[in-house]
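What follows is a single structure, written as structure tokens, with notes after it.
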Amino acid sequence: MKEKDIVIKFDHVTKLYKLFKSDKKRLLSAFIKGIKYQEKRAVNDVSFEIERGESVALFGRNGAGKSTILKMVTNVCFPTEGEITVNGRVSALLELTSGFDPEFTGRENIYLKGQLLGLKDNEIKELEQEIIDFAEIAEYIDQPVRTYSSGMKARLGFSINVNIRPEILIVDEALSVGDENFRKKCSSKVGEIIQKDNVTLLFVTHSPASAAEFCKRGMVMKNGKITFDGPIEEAIEKYREC
Amino acid sequence: MKNLIKIIQEHIEYKQQIFKLAKSDLIKTYRGAALGWAWAIIKPTVTIFVYWFAFEIGIRSGKPVSNFPYFLWLIAGVVPWFYISDMLTSGTDTIRRYSYLVTKMKFPVATIPTFVSISKFMVHLILMSIVIGIFWAFGYPPTLYILQLPFYMILMFIFCTIWSLFASLLSSMSKDFGNLVKSMVTAVFWLSGIMWSVESIQIGWLKKLLMLNPVTFLVNGFRNCFINHTWFWQQPKRLLYFVIITFILLIIALWTYRKLRKDIPDVLG
């Protein structure tokens, strides 16, 4: 039997958000016990494993806890209980335009973002042209990002994230970037890196059609719990029911 | 203790990113203005001129200190203050300002104050070399005592960076704290002996009390290099107090870090 190569593992993970009446109370609560707050259980005792090269779709209505799961995979926020293991470089297409510095040019932002993700300068240099070509913003690349349209920013963001050779790709409905043509290009690029580079994909969407395009496995979330985990066709059915 | 080791490890692991981000923070501060880098010098020049004018021409209390013109005495202390006040104000909301590093990607939060501090420190280095030049132009070339300038610079850098870690953690949880700090800056400025010499205070206990203030210690240290011509080991008690206060601040900062680190993404996100 081949050893399972697990890249993402959630072990009884629970995430509680504390809702306070004011900022002051929140600050005090960090140091003093007994300040009243409301609890919001965003993720409730969730366990799952994802192997290398798998593509998994995550379904759920708004507020089901999908985004919180993604944030925890990217190691941006921390679970209240339970344990999370992630092996590999995560590239998240969460909010495509978020990591940009508006004062810097597109090219400088490519370098900045690449460096933040742990790439060396010469590695980025190799990828630079590919990123620019893919984003289709050649003539604007040396202009400050603040002058970009939202579509251009999103294209550049998408292009950086898929071209930096991620090991785990997290997509949060980001494939709806730009016009029809660019959308198709994005889809085929994601398909390509999954096939070729054995990238693990975690895909969050409301559209079953695009999920079925990439994923064989589907998970359905409801009220912070995973209610179904199995083949994509069944997952889509369950999602439509709930 | 565990947190301190972890923070140091993060700094080593991310050292390249820290310097890149310091550089980009520096560029960002001055880009977009036609005069760009010149502002790094124009702004302090105007401030110094105003102080000098008010004190020497206006109030007429700008008497020479230790045979140095008041102007020289002023710049030797006010230039380090520029860095300190920068770290008091913008150092306090670094994490808030760089919230995308906290909420959008995996990045060690404790290194954010460090790279902002490095960026501000670069400006300080430029201004300090101008100060040395001005002293020279006035006929006071550097003496042996200038050798201890890097020592005081490092103390100042460490103190302000630890402060910024503590303060930016707290202010990312609550805007009240940031506002509190901002309203205190003027008080710190006038109480720390930047415009007047603490040495000239006649009441013994008050002088001792004021000397406990780390800002006073630092400003005085810079003047030791240029004007007082005193070595740091000639005032061992002051140095000891400063080290103790820095150490206490470090412990408080680490405690705050332990308490708040996991809540910060939830609050900013």
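How many partner chain Cβ atoms sit within 10 Å of a residue's Cβ in peptide B:98-106, on average, as a whole number?
So the per-residue partner count for this stretch is 6.
Considering every Cα-Cα pair within segment A:1-44, what fraction, in whole percent, is farther apart than 13 Å? Before the final figure, lay out each step's value.
Details: 630 of 946 pairs.
Within segment A:1-44, distances greater than 13 Å cover 67 percent of Cα pairs.
Let me check I've understood the local charge: for residue B:16, count other residues with C-beta under 12 angstrom from its C-beta, Lys and Arg +1, Asp and Glu -1. What total comes out?
+2
Need one word for segment B:44-87: rounded, prolate or oblate. Basis is the Cα gyration tensor (sqrt eigenvalues a ≥ b ≥ c); a/c below 1.5 gives rounded, then a/b vs b/c decides. The partial results should precede the final answer.
Working: a/c = 2.74, a/b = 1.51, b/c = 1.81.
It is oblate, given that a/c is not under 1.5 and a/b is not larger than b/c.
Taking the Cβ of residue B:159 as the centre, find all other residues whose Cβ is under 15 Å away and add up their charges (Lys, Arg: +1; Asp, Glu: -1).
+1
For the protein assembly as shown, what size does the Cα cloud have along each of its three principal axes, sorted from largest down, in whole Å?
Principal-axis extents of the Cα atoms in the protein assembly as shown, largest first: 87, 57, 43 Å.
If you average 1/r over every pair of different alpha-carbon atoms in segment A:197-237 and take one over that average, what Kirkwood value in Å do you get?
10.8
As I understand it, the dipole of the protein assembly as shown uses +1 on the Cβ of Lys and Arg and -1 on the Cβ of Asp and Glu, about the Cα centre. Which of B:249, A:170, B:267 lies farthest toward its positive end?
Value computed over the given set: B:249.
Take chain B, connect every pair of alpha-carbon atoms lying under 10 Å apart with a spring to form a Gaussian network, then pick out the residue of B:17, B:234, B:148 with the largest mean-square fluctuation.
B:234
Give a residue-ordered list of calculated ³J(HN,Hα) values for segment A:21-35 (Karplus: 6.51 cos²θ - 1.76 cosθ + 1.60, θ = phi - 60°; whole Hz; x for Gly, Pro).
Along segment A:21-35, the couplings run 6, 8, 4, 4, 4, 4, 4, 4, 5, 5, 10, 10, 7, x, 7 Hz.
If I fit a long axis through the Cα atoms of helix A:106-116 and take the longest principal axis of the Cα atoms of chain A, what angle between them do I get, 0 to 90°, rounded to 10?
Taking Cα atoms only, the helix is inclined about 40 degrees.
Near the amide H of residue A:7, under 5 Å away, which other amide H atoms are found, from residues 5 or more places off or on another chain, if H is placed in the peptide plane?
Here A:50, A:51, A:52 satisfy the definition.
Hey, what did chain B get for relative contact order, percent, Cα under 8 Å, at least 6 apart?
The normalised contact order for chain B reaches 25 percent.
Considering the Cα positions of segment A:97-164, please state its Rg to one decimal place and its Dmax as a whole number of Å.
So, for segment A:97-164, Rg and Dmax equal 10.5, 29 Å respectively.
Using only alpha carbon positions, build the gyration tensor of segment A:40-184, then give the equivalent ellipsoid semi-axes as the square roots of 5 times its eigenvalues, largest first, whole angstrom.
Each semi-axis is √(5λ); the values are 29, 17, 14 Å.
Of all the C-alpha pairs in segment B:6-71, what % are more than 18 Å from each other?
Cα-Cα pairs of segment B:6-71 separated by over 18 Å account for 63 percent.
Would you please state the base-10 log of I(q)/I(0) at q = 0.09, 0.17, 0.20 1/Å for segment B:146-269, with intensities from the Debye formula using one equal scatterer on every alpha carbon?
-0.32, -0.95, -1.17
Expressed as an acute angle from 0 to 90° and rounded to the nearest 10, what is the orientation of the C-alpha long axis of helix B:214-223 relative to the principal long axis of chain B?
Approximately 50 degrees, to the nearest 10.
Among B:55, B:22, B:156, which residue has its Cα positioned farthest towards the positive end of the charge dipole of segment B:2-268, with +1 placed on the Cβ of Lys and Arg, -1 on the Cβ of Asp and Glu, and the dipole taken about the Cα centre?
Going by the charge dipole, the pick is B:22.
Using a Gaussian network model on chain A with a 10 Å cutoff between Cα atoms, which of A:159, A:67, A:207 fluctuates the most?
A:207
Net charge near residue B:177, counting Lys/Arg +1 and Asp/Glu -1 over other residues with Cβ under 11 Å of its Cβ?
Around residue B:177, the charge tally is +1.
Rounding to the nearest 10 and keeping the result within 0 to 90°, find how far the Cα-based axis of helix B:15-30 lies from the longest principal axis of chain B.
60
At 4 °C and 1.567 mPa s, grab the translational diffusion coefficient of segment B:1-157 from Stokes-Einstein with a Kirkwood Rh over Cα pairs, rounded to a whole number in µm² per second. Don't skip to the end; give the middle numbers.
Numbers: Rh = 17.9 Å.
The calculation lands on 73 µm²/s.
Give, to the nearest whole percent, the P(r) tail of segment B:67-151 beyond 19 angstrom, counting all Cα pairs.
That tail contains 50 percent of the Cα-Cα pairs.
Can you compute the charge dipole magnitude of segment A:97-164 about its Cα centre, using +1 on each Lys and Arg Cβ and -1 on each Asp and Glu Cβ, nothing else charged? Give it in debye, rounded to the nearest 20.
Charge dipole, segment A:97-164, about its Cα centre: 260 debye, nearest 20.
Under the rule of at least 5 residues apart or a separate chain, name every residue whose amide H is placed under 5 Å from the amide H of residue A:225.
So residue A:225 has HN proximity to A:44.
Pop out the ³J(HN,Hα) list for segment B:231-238 in order, Karplus 6.51 cos²θ - 1.76 cosθ + 1.60 with θ = phi - 60°, rounded to Hz; leave Gly and Pro as x.
Each residue's phi maps through the Karplus curve to give 7, 5, 7, 7, 10, x, 5, 4 Hz.
Per residue of B:11-24, what is the mean number of Cβ atoms on other protein chains within 10 angstrom of that residue's Cβ?
On the way: counts 0, 0, 1, 3, 0, 4, 5, 0, 1, 6, 4, 0, 1, 8.
Rounded to a whole number, the mean comes out at 2.
What are the ³J(HN,Hα) values, in whole Hz, obtained from phi via the Karplus relation 6.51 cos²θ - 1.76 cosθ + 1.60 with θ = phi - 60°, for each residue of segment A:146-158 in sequence order, with x given for Gly and Pro?
Result, ordered by residue: 4, 8, 6, 6, 5, x, 5, 4, 4, 5, 5, x, 4 Hz.
Determine, at each q value in 0.11, 0.13, 0.15 (inverse angstroms), the log₁₀ of I(q)/I(0) that the Debye formula gives when each Cα of chain B is one equal point scatterer.
-0.66, -0.91, -1.18
Ranked by Cβ crowding within 10 angstrom, fewest neighbours first, how are B:157, A:31 ordered?
Going from sparsest to densest Cβ surroundings: A:31, B:157.
Peptide B:231-240: average number of partner chain Cβ atoms within 10 Å per residue? Mind showing how you got there, number by number?
Numbers: counts 0, 0, 0, 0, 0, 0, 0, 0, 0, 0.
Mean inter-chain Cβ contacts per residue within 10 Å come to 0.
Would you please give the residues with an amide H less than 5 Å from that of residue A:59, counting only those at least 5 places away or on a separate chain, with H modeled from the backbone geometry?
Close amide H contacts, sequence-distant or interchain: A:219, A:220, A:221.
Going from the alpha-carbon gyration tensor of chain A, what semi-axes, largest first and in whole Å, does one get by taking the root of 5 times each eigenvalue?
The equivalent ellipsoid of chain A has semi-axes of 31, 25, 17 Å.
Throughout, read-outs are computed from the coordinates displayed, never taken from laboratory work. The shown structure was predicted, so the numbers you read here are calculated from the model rather than taken from an experiment. Quick reminder, even Gly has a Cβ in these numbers, built from the backbone with ideal geometry, and neighbours come from all protein chains shown.
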